[in-house]
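First the structure, in the form of structure tokens, and then the observations on it.
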Amino acid sequence: MNTMTEQVLTRYPGAGRDKLIPILQEVQEADGYISKEAVALIGRHLGVPASKIYGVATFYNQFRFTPKGKYHIMVCRGTACHVKGSADILERIERALKITAGETSRDGLFSIEVVACIGACGLAPVICVNGEYHGKLTGDAAEKIVKSYQQREATHGN
Amino acid sequence: MEQMIANGNMIPFEKGETVLTALKRAGIRVPTLCHIDCLPPVGACRICVVEDTATGQLIPSCSFPAAPGLSVATHSVKALKARKTIVELLLANHPDDCLYCDRNLNCDLQKLAEELGVRQRRISGERIAQFVDNSSPAIMRDPEKCILCGKCVRTCEEIQGVSALDFSGRGSKCKISTAFDQSLNLSTCVSCGQCVMACPTGALTERSSLREVMNALQDPKKTVVIQHAPAISVSLAEEFGLPAGSDIMGLMTAALKKIGFKAVFDTSFSADLTIMEEATELVERVTKKGVLPMITSCSPAWIKFAETFYPTVLPHLSTCKSPQQMLGAVIRHYWAGTQGIDKKAVYSVSAMPCTAKKFEAEREEMLVKGAPDIDAVLTTRELAKLIRMYSIELDKLEPAACDLPFGERSSAGKLFGASGGVMEAAIRTAHYLITGRELGNLVVAAVRSGVGLRETALTLNGLTLKAAVVSGLGNARKVLDEVAAGTSPYHFIEIMSCPGGCINGGGQPRGIDRENVKRRLAALYAIDAAATLRVSHKNRAVAELYEKFLGKPGGHTSHELLHTTYQARTDLL
Ligand code: SF4
Ligand code: SF4
Ligand code: SF4
Ligand code: FES
Ligand code: FES
């Protein structure tokens with residue numbers, strides 16, 4: 001996993017702080033999240049303390065610090081979805097899973113990510129679980145979907 | 001000097017100064033929250049706004065440059081209202097906890113609210129419940145009391161070069177956190193407490209040991225003794241409203257006896273002891289081609305800094321324990337026996353100007369046969385609380401002397417309280433050990449003032465020793481980079497974590513106030529100038545301890561009790 005980060009860093013020889021965001025983006029693209037090991041490597045490469053990297057990374061919603069769960073739930077917070085109540089959808093899902101956006105549940109099964117428009121405005125408000133879209137949601141419906149995945153796990157296990 | 005106008009009067013300023021600096025010189029106080037005197041302004045909180053009388057606009061005085069023709073009103077209704085609103089906004093999601101808060105009656109935020117006449121919660125914000133981080137042996141963080149002024153972040157980064165903390169998140173989720181929001185004990189925090197000194201609220205405090213000490217005092221099976229550090233007698237007074245730089249050694253000792261400590265010892269005694277051990281170690285390293293430069297080891301935050309950021313430098317650290325630990329060790333393993341007390345029954349307290357001493361006391365490397373040298377460490381602030389708690393009125397006490405045998409000290413030991421002091425004490429003794437003569441007038445002026453790097457060299461019997469002194473961990477980095485690279489020109493380096501040394505330690509009366517620190521420093525040098533015993537090697541009590549118990553400096557017993565080891569750390573940098 002570190003080697004992924006190292007590969008990214010070789011593309012930025014002698015880089016400074018200004019390259020932090022693009023590097024974080026590439027590392028997340030490669031690893032799926034920003035690990036502590038990655039931060040250590042990036043910090044050494046750029047001469048930036050870990051607390052600063054974490055600070056910058058958490059300023060933007062796009063970075064996650066835990067691997068994605070088996071079920072990765074993307075909640076659209078684009079304009080159309082916002083107008084149709086996506087804030088409520090997000091809250092319901094967060095509450096049902098007892099994690100917040102950007103986090104992964106302890107059992108590693110679920111993770112939530114907040115995204116801007118995922119291009120299905122007609123179905124707003126939309127969530128997307130492992131590539132499967134669920135549209136025209138209500139809070140209750142969203143919770144039901146989460147429950148159905150939980151149930152699927154409980155019965156089939158892995 | 002140029003002139004600007006404040007409240008209708010001309011006031012002088014130097015080119016490049018801020019309005020705040022000019023106002024201060026003119027004796028006009030404007031409150032600040034996010035401003036740190038010795039660092040560049042950030043203008044984040046805007047509590048320092050004053051009204052530009054020409055435009056009617058509010059300008060932040062801490063960051064606005066003074067200019068000729070500028071005219072400000074510092075306490076116009078507009079300025080006062082703005083300040084009040086800012087405080088109200090800060091309080092909007094602040095817990096109403098003053099009565100239960102470590103900072104009650106000593107809180108910048110509380111004081112501002114009172115001064116500006118905040119009498120009701122006009123603005124209410126959403127409160128986010130957050131956990132108190134009490135994972136560190138030294139520092140407690142209560143994020144709910146944080147007003148996001150950023151002082152801790154800047155202190156930790158710009159003064160200490162540690163960067164354990166930073167802002168994370170955004171908007172209403174913005175908070176101060178370590179990397180990955182780990183608890184403080186897993187972070188690079190070195191427990192120096194400089195952020196505690198800077199914090200305007202109760203969000204950062206020391207982890208208190210008052211309760212343990214009170215319980216021990218009441219336990220009939222325990223013999224509770226206390227030692228106090230060289231830098232405390234010249235700072236404690238401020239906690240009782242006396243001017244900075246007052247030396248209340250005798251009153252403090254009397255107060256501690258009245259509280260019930262069976263013996264009150266002076267850590268300056270073991271500073272003398274440290275000098276004997278450390279000078280011996282230095283001579284050994286120099287003559288036997290040991291690892292040089294040797295670096296002092298009495299500042300525990302510096303130790304953790306080295307372990308974390310400069311693990312390759314660890315062989316350069318003196319193996320000497322700090323004076324606190326040395327005294328703790330001889331109290332338990334020697335003094336207890338002389339009193340006919342079981343060494344396990346001794347409860348050893350230390351009063352220190354330092355938060356990192358709490359961390360040091362808990363280090364595994366400090367255990368002697370499984371027993372800690374020190375059971376509890378109190379900061380200067382906690383010591384003041386203890387004195388108040390026991391309803392001691394300092395002004396009604398007769399000064400008392402410390403108990404023997406660890407009450408006798410040289411003023412060289414007392415100088416440990418200031419940056420440069422260990423070096424000065426060591427040079428006095430090294431001079432004597434190598435030449436058999438005392439050093440001229442004993443003053444080593446080259447290392448005496450300032451926080452940045454100071455150097456000196458002395459030639460003794462044809463041997464030239466180069467020495468350097470630096471304080472503030474950020475300042476230390478350059479010196480350490482040289483040591484790590486093998487290019488350091490020195491034989492001996494003194495490093496203290498806090499800028500100016502222990503007189504400005506993280507356990508001292510709150511605030512980053514250079515003037516107060518200067519006064520504490522002057523008090524230490526005055527004590528030295530007036531002292532008759534000014535060199536560690538003439539401390540008879542130390543000599544006697546060697547005769548009766550330790551043998552010789554650097555000997556077997558010393559190594560068992562007074563020396564220690566270090567560990568490289570792998571925290572996320
Ligand atoms: S930090 Fe200050 S204002 Fe806040 S509860 Fe403590 S004393 Fe009161
Ligand atoms: S105690 Fe020192 S190292 Fe730790 S966070 Fe505060 S300033 Fe930084
Ligand atoms: S912890 Fe204290 S110093 Fe740090 S931002 Fe909060 S209020 Fe300011
Ligand atoms: S805004 Fe949600 S899909 Fe476009
Ligand atoms: S003190 Fe001037 S903006 Fe904070």
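The values are calculated or read from the model by the stated rules, or taken from the named source; none is laboratory data. Keep in mind that this is a model prediction, so the values were computed, not measured. Positions of Cβ are backbone-derived with ideal geometry, glycine not excepted, and every protein chain shown enters the neighbour counts. Ligands, DNA and RNA are stripped out before the accessible areas are found, and what is left, the full protein with its side chains, is counted by its heavy atoms. Shrake-Rupley method; radii C 1.70, N 1.55, O 1.52, S 1.80 Å.
Data table
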quantity: Segment B:2-90: relative contact order as a whole-number percent, Cα under 8 Å and 6+ apart; calculated: 34 percent
quantity: Linear extension gain, B:Ile5 paired with B:Val443, 0.36 nm per residue minus alpha-carbon span; calculated: 153.2 nm
quantity: Mean-position separation - Cα centroids, segment B:182-225 and segment B:397-412, in angstrom; calculated: 26 Å
quantity: Whole-number percent relative contact order across chain B, with pairs defined as alpha carbons under 8 Å at least 6 apart; calculated: 16 percent
quantity: Of all accessible heavy-atom area on segment A:4-59, the percent that carbon and sulfur account for (1.4 Å); calculated: 53 percent
quantity: B:Asn134/B:Glu482 FRET efficiency (R0 45 Å; Cβ-Cβ; nearest 0.05); calculated: 0.75
quantity: Diffusion coefficient, µm² s⁻¹, Stokes-Einstein with Kirkwood Rh over alpha-carbon pairs of chain A at 25 °C and 0.890 mPa s; calculated: 147 µm²/s
quantity: Net charge of Cβ neighbours under 15 Å - reference B:Glu382; Lys, Arg +1; Asp, Glu -1; calculated: +3
quantity: Neighbourhood charge, 14 Å Cβ-Cβ cut-off, centred on B:Met294 and excluding it, Lys, Arg +1 and Asp, Glu -1; calculated: -1
quantity: Cysteines in chain A that, by Cβ-Cβ distance, have no pairing candidate under 4.7 Å; calculated: A:Cys117, A:Cys121, A:Cys128
quantity: Shape category assigned to segment B:2-90 from the gyration tensor of Cα positions, a/c cut at 1.5; calculated: oblate
quantity: Approximate spin-label separation B:Glu14-B:Asp97, in nm, with each point projected 7 Å along Cα-to-Cβ; calculated: 4.1 nm
quantity: Net charge of Cβ neighbours under 14 Å - reference A:Gly69; Lys, Arg +1; Asp, Glu -1; calculated: +1
quantity: Probe 1.4 Å, accessible area per residue of chain A, Å²; calculated: 52 Å²
quantity: Candidates per trypsin sites (Lys or Arg not before Pro) in segment B:63-120, loop by DSSP, up to 11 other Cβ within 10 Å; calculated: B:Arg119
quantity: Fraction of accessible area attributable to carbon and sulfur, segment B:430-573 (%, probe 1.4 Å); calculated: 52 percent
quantity: Qualifying trypsin sites (Lys or Arg not before Pro) for segment B:391-475 [loop in DSSP, other Cβ within 10 Å: at most 11]; calculated: B:Arg437
quantity: At least 30 Å² of accessible area lost relative to the chain alone, listed for segment B:178-209 with a 1.4 Å probe; calculated: B:Ala179, B:Phe180
quantity: Accessible area that becomes buried as B packs against A, both chains, 1.4 Å probe, Å², nearest 100; calculated: 1400 Å²
quantity: Alpha carbon centroid spacing (whole Å) that separates segment B:99-176 from segment B:524-566; calculated: 42 Å
quantity: Segment B:324-379: relative contact order as a whole-number percent, Cα under 8 Å and 6+ apart; calculated: 44 percent
quantity: FRET efficiency estimate (nearest 0.05) - Cβ-Cβ, A:Asp107 to A:Asp140, R0 25 angstrom; calculated: 0.55
quantity: Loop-resident sites, segment B:205-282, for trypsin sites (Lys or Arg not before Pro), counting at most 13 other Cβ within 10 Å (DSSP); calculated: B:Lys221
quantity: Segment B:211-562, accessible area per residue, ligands and nucleic acids excluded (1.4 Å, Å²); calculated: 36 Å²
quantity: Highest-MSF residue in chain A out of A:Gly32, A:Gly85, A:Gly14 [GNM, Cα springs under 10 Å]; calculated: A:Gly14
quantity: Exceeding the 24 Å Cα-Cα cut-off - candidates A:Lys68/A:Lys147; B:Lys222/B:Lys358; B:Lys221/B:Lys304; A:Lys19/B:Lys151; B:Lys151/B:Lys175; calculated: B:Lys221/B:Lys304; A:Lys19/B:Lys151
quantity: Additional length obtainable on full extension of the chain from B:Gln218 to B:Tyr546, 0.36 nm per residue less Cα span; calculated: 114.7 nm
quantity: Cα gyration tensor shape for segment B:318-367, rounded if a/c is under 1.5, else prolate or oblate; calculated: prolate
quantity: Nearest-10 value in Å² for the accessible area of A:Phe59, using the 1.4 Å probe; calculated: 90 Å²
quantity: Most mobile of A:Leu90, A:Leu24, A:Leu46 in a GNM of chain A (Cα contacts under 10 Å); calculated: A:Leu46
quantity: Label-point gap, in nm, between B:Leu367 and B:Leu148 - each point 7 angstrom along Cα→Cβ; calculated: 4.4 nm
quantity: Size descriptor, Kirkwood hydrodynamic radius, that averages inverse alpha-carbon separations across the protein assembly as shown, Å; calculated: 28.4 Å
quantity: Backbone HN-Hα couplings from phi across segment B:231-245 [Karplus 6.51/-1.76/1.60, Hz, Gly and Pro as x]; calculated: 7, 7, 5, 9, 10, 4, 3, 4, 5, 10, x, 8, x, 4, x
quantity: Sites A:Glu153 and A:Asp88 - FRET efficiency at Förster radius 25 Å, r taken between beta-carbons, to 0.05; calculated: 0.50
quantity: Long-range amide H partners of B:Ile295 with built H, under 5 Å; calculated: B:Leu317, B:Ser318, B:Ile493
quantity: Inter-site label distance for B:Glu398 and B:Glu158 at 7 Å from Cα along Cβ, in nm; calculated: 5.2 nm
